[in-house]
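The values are calculated or read from the model by the stated rules, or taken from the named source; none is laboratory data. These numbers were taken from a predicted model, which means no experiment stands behind them. All Cβ positions, glycine included, derive from the backbone under ideal geometry; neighbour counts span all protein chains shown. In case anyone asks, the SASA skips ligands and DNA or RNA and just uses the protein heavy atoms, side chains included. Shrake-Rupley method; radii C 1.70, N 1.55, O 1.52, S 1.80 Å.
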Amino acid sequence: MEEVKLSRVEHALSELSYPITRADAAVELNDVTLLLADGEANLGSLIEDTHSEEYDSADQLEDSLYNALPMEAVGEPYQSEGEG
């Protein structure tokens with residue numbers, strides 16, 4: 001099982017062949033655990049919760065994925081990594 005930080009999810013998404021259906025992307029990434037600000041989740045399951053049936057690019061899938069995540073998963077607004 002691979003683990004990927006949310007800030008690095010674009011790398012995992014870029015390894016898919018596009019265009020790709022939501023269902024195929026979910027299957028391809030079902031063995032990836034996405035590390036979120038408030039815990040972790042299965043990347044394939046998160047992709048299943050997105051709204052588009054097909055994605056033409058990793059950027060398009062990433063945008064849809066972020067839109068499907070609750071705010072707590074992404075972190076506090078205006079919070080940036082490295083500050084503290």
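Against the test of being more than 22 Å from Pro70 (Cα to Cα) and among the aromatic types (Phe, Trp, Tyr), the options Tyr18, Tyr55 yield a single qualifying residue, Tyr18.
Considering the stretch 38-56, the residues that are more than 13 Å from the chain's Cα centre (by Cα) and either assigned to a helix (DSSP H, G or I) or of a type in the set (Gly, Ala, Ser) (or both) include one that is modelled with the lowest pLDDT, namely Gly39.
Within the stretch 1-11, the residues that satisfy the criterion of being closer than 16 Å to Gln60 by Cα and open to solvent by less than 80 Å² (accessible area, probe 1.4 Å) are Leu6, Ser7, Val9, Glu10.
Given the structure, is Glu62 part of a helix (DSSP H, G or I) and at pLDDT 95 or above?
Working: part of a helix (DSSP H, G or I): yes; at pLDDT 95 or above: yes.
It is true that Glu62 is part of a helix (DSSP H, G or I) and at pLDDT 95 or above.
Determine, yes or no, whether Asp38 is out of contact with any strand residue (DSSP E or B) (no Cβ under 8 Å at 6 or more places or on another chain), open to solvent by 70 Å² or more (accessible area, probe 1.4 Å) and more than 11 Å from Leu61 (Cβ to Cβ). For Asp38, the condition - out of contact with any strand residue (DSSP E or B) (no Cβ under 8 Å at 6 or more places or on another chain), open to solvent by 70 Å² or more (accessible area, probe 1.4 Å) and more than 11 Å from Leu61 (Cβ to Cβ) - is met.
Taking the criterion of being over 11 Å from Ala25 (Cα atoms), within 10 Å of the chain's Cα centre (by Cα) and touching a residue at least 24 places away in the same chain (Cβ under 8 Å), the residues of the stretch 57-76 that qualify are Glu62, Leu65, Leu69.
Of all residues in the stretch 12-30, those that are open to solvent by less than 70 Å² (accessible area, probe 1.4 Å) have Cβ atoms under 6 Å from Cβ atoms of residues that are β-branched (Val, Ile, Thr) and in a helix (DSSP H, G or I), 6 or more apart or on another chain, in Ala25/Ile47; Ala26/Ile47.
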